[in-house]
Amino acid sequence: QVQLVESGGGLVQDGGSLKLSCVASGLTFASYTMAWFRQAPGKEREFVGCISWGGGFYYQDSVKGRFTVSRDNAKNSVYLQMNNLKPEDTAAYYCAAGSGGPTARPELYRYWGQGIQVTVSS
């Protein structure tokens, strides 16, 4: 059974930083593209960034230069370092795993975590 478990969320002030972690089990982690999505109340889930099995990156324009996705295959983990956070970054953040290449399309990610809340206060 595949499980993705996020951690590291919480409350931070405008301009602050947080690092999210996602630990995967039940899959060959190194073979998967790992992505982060987010969903704010009343809005659709949106792509944040991803890292492919080969190390390629892809980010949503609004987070470029502020967020960094990384992975540690030895720990079956993917990370999202978030710097210079803004109130509009407030959302539930989800990690996801897909067997294809880097993509922003959520329907191409087969496995999802339960989500973790990030709240940025102004």
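Below, the figures for the structure above:
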quantity	calculated
Answer residue from the range 63-77, given it is without any contact (Cβ under 8 Å) to a residue 12 or more places away in the chain and not in a loop (DSSP other than H, G, I, E, B) and is nearest to Tyr94 (Cα to Cα) among those	Asp72
Asp72 over 27 Å from Ser122 (Cα atoms) and within 15 Å of the chain's Cα centre (by Cα)	yes
Condition met for Asn83 (touching a strand residue (DSSP E or B) at 6+ places or on another chain (Cβ under 9 Å), more than 22 Å from Arg110 (Cα to Cα) and of a type outside the set (Asp, Glu))	yes
Checklist (1) open to solvent by less than 30 Å² (accessible area, probe 1.4 Å); (2) under 12 Å from the mean Cα position of the chain (by Cα) applied to Val23, failing item	(1)
Flag for Tyr32 being among the aromatic types (Phe, Trp, Tyr) and farther than 14 Å from Ile116 by Cα	yes
Residue, nearest to Phe29 (Cα to Cα), within the range 78-91, restricted to residues that are open to solvent by 10 Å² or more (accessible area, probe 1.4 Å), in contact (Cβ under 8 Å) with a residue 60 or more places away in the chain and not aromatic (Phe, Trp, Tyr)	Gln81
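The values are calculated or read from the model by the stated rules, or taken from the named source; none is laboratory data. As the structure is a computational prediction, the values presented were derived from the model and not from experiment. Quick reminder, even Gly has a Cβ in these numbers, built from the backbone with ideal geometry, and neighbours come from all protein chains shown. Just so you know, the surface numbers come from the protein's heavy atoms only, side chains and all, with ligands and any DNA or RNA stripped out. Shrake-Rupley method; radii C 1.70, N 1.55, O 1.52, S 1.80 Å.
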